[in-house]
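Read through the structure below, which is laid out as structure tokens, and then see the notes.
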Amino acid sequence: QTHTPAMPPENTPSSTPEFVPEGAAAPAASTPEQEEPRSHHIVHDARDSAPSEAGATAPAGELPLAATKEDPASLAPQECTRPAEAQHPHMETKHAQSDVQHVEIVQVPEPTAKQSSRGAKARATRLADCVCAPFGPLMKAVVITAASSLLSGYDQGVIAAAMLTMRDDLGLNGVQEELSIGVMNIAAAFGGVAAGYLADAFGRKKAIAVAHALFFLGSVMIAATGGFTVLMLGRVAQGVGVGIALVVPPILKAELVPPHRRGGLVSIGDVCTNLGILLGYAAGLMFYGVAGDWRFMFALGAVPAALLLCLIWSVPESPRWSVGRGREAKARRVLEEVLGDKEEADAQVEQIKEDLRLAAQQPPLSWRETLWADDAVTRAMVWRGLGVAFFSQATGTEAAVYFAGSIVQSAGVESVRDTLLAMMGVGLCKLLFLIVGCNLFDRVGRRPMLLASATGLFVSLFLLAAATLGAATSPALAITGLCMFMGSFSLGFSPLVYVICS
């Protein structure tokens, strides 16, 4: 957005008087045949602007190599126009005590393609050093928070594989099996609500540490359980941990990762959650045939939980949270390590302070104001976002994850090993389609991906119903329906629910 002053018609003298600093050569008169050079505006004070000898003697339309934007005194005046106060606000102004100012339109050489390429390579190298440096603070945060999401997915998926043998070992009836599986979602809802308060009150790192401690506690309780009660308590502990892990790690990553890398790195969390579900299915196959195999599956989940509980303290705290608690020096130090630029870190701290100041000036909204805004447009957006989130779960995706083994067995698969292999294929399909969806929705669009996802869910649910209907069961149709169901959900609803709500 540059301001180009109105030029007089060709071969017509300009009615605007020209101001030329003392000692400078008068600008050469342009002719119609001369090509007008690309110009940039630089505002000078008439009393301290003195062109160099090179600038004064340079031919019209040319610029000495010494003339740069940082050294305006070396620029020969080409043409003078209106006073500085009438110019575009983005012009650079050299402030002085003089009231007399004028604008010089000077020719500034544009960077060559080679120079632009070097600049792009330098920026890419700096970003790679920041993100991929061994044991760098940003890399630690990304890896450990991604591992939290993976562990959350593992605890969701392992129950489906463990229940194939656990129900007989513990003598669980159908209701107890359903309660021990479904209670995790209820506990996760409370954990998700509490996560925001924990993260704001004690910091992001401590909230994630609480999630890891609950993962560890729940896994140990279930691995050592001898009955339904302890199993339920362990599942509740894991559920609260899952709720916290779904909320806080993405916040920490979003507040640490530079904006231009935020989308890709933050989306790793959803991929890791689905990878964890696949690993939970795989654990059943790993310990297949071992006495008390389900105990080993849950004990295996306790090992990374304990490891992450120790490693989380090596991750830097969120700069936003630190600034909000008056710890600006700590936030600035973290940002300098992450960004590799002191000036950029200082600018980020000032921006965070301004954001927090503006947020503090806004009165808190009540639940009624949040859910039923006075503005019709905002109200419509809120309820559309809530509707997408609600119906994404109402399709039964959690039931399909938890009861994948039961669905396959009800379709006629009798062998536990074959059931575990089918579950592995379903989990792999879910993960692969999620990766495809994450790479498509920015190019194809949100609405087409959601419609494609809903259509696939609609068809796959009918396939699942047909595969388990009456005596005419079909294992192949059930596995196809499950794979199509998981893939359809991962293609649209899984990655897009949070995007649409945002």
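Laboratory data are not the source of any read-out in this text; all were calculated from the coordinates shown. Given the structure is predicted, the values throughout are model-derived calculations rather than measurements. Positions of Cβ are generated from backbone atoms using ideal geometry, with glycine treated the same way; all protein chains shown enter the neighbour counts.
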> Which distance in nm do the two modelled labels at Phe458 and Lys353 give, with both placed 7 Å along the Cα-to-Cβ direction?
Replying inline: 5.5 nm
>> Tell me which chymotrypsin sites (Phe, Trp or Tyr not before Pro) from the stretch 408-502 have a DSSP coil assignment and no more than 15 other beta carbons within 10 Å of their own.
In response: none
>> Restricting to DSSP loop positions (anything but H, G, I, E, B) with no more than 16 other Cβ atoms inside 10 Å of their own Cβ, which trypsin sites (Lys or Arg not before Pro) remain in the stretch 291-398?
In response: Arg325, Arg327
> About the Cα centre of the stretch 358-419, what is the dipole size in debye to 20, counting +1 per Lys and Arg Cβ and -1 per Asp and Glu Cβ, all else neutral?
Replying inline: 100 debye
> Translational D (Stokes-Einstein, µm²/s) of the stretch 161-227 at 10 °C and 1.306 mPa s when Rh comes from the Kirkwood sum over C-alpha pairs?
Replying inline: 115 µm²/s
>> Quick check for you: which residues of the stretch 345-359 have the amide N under 13 Å from the point 7 Å beyond the Cα of Asp200 toward its beta carbon?
In response: 359
>> With θ taken as phi - 60° and the coefficients 6.51, -1.76 and 1.60, list the Karplus ³J(HN,Hα) couplings across the stretch 210-220 in order, rounded to whole Hz; mark glycine and proline as x.
In response: 4, 4, 5, 4, 5, 4, 5, 4, x, 5, 5
>> Per 0.36 nm of contour for each residue apart, how much would the distance between Asp346 and Leu469 grow if the chain were fully extended, relative to their Cα-Cα spacing?
In response: 37.8 nm
>> Students often get this wrong: which residues of the stretch 171-193 have the backbone nitrogen under 16 Å from the point 7 angstrom along Cα-to-C-beta of Gln393?
In response: 181-193
> Using θ = phi - 60° and the Karplus form 6.51 cos²θ - 1.76 cosθ + 1.60, what ³J(HN,Hα) does each residue of the stretch 167-182 get, whole Hz, x for Gly and Pro?
Replying inline: 5, 6, 5, 9, x, 7, 8, x, 5, 5, 4, 5, 5, 5, 7, x
> Whose amide H sits under 5 Å from the amide H of Leu172, counting only residues 5 or more places off or on another chain, with H placed in the peptide plane?
Replying inline: none
>> Spelling out what I want: for every residue of the stretch 438-443, take phi, set θ = phi - 60°, compute 6.51 cos²θ - 1.76 cosθ + 1.60 (Karplus), and round to whole Hz; glycine and proline get x.
In response: 5, 8, 9, 5, 6, 8
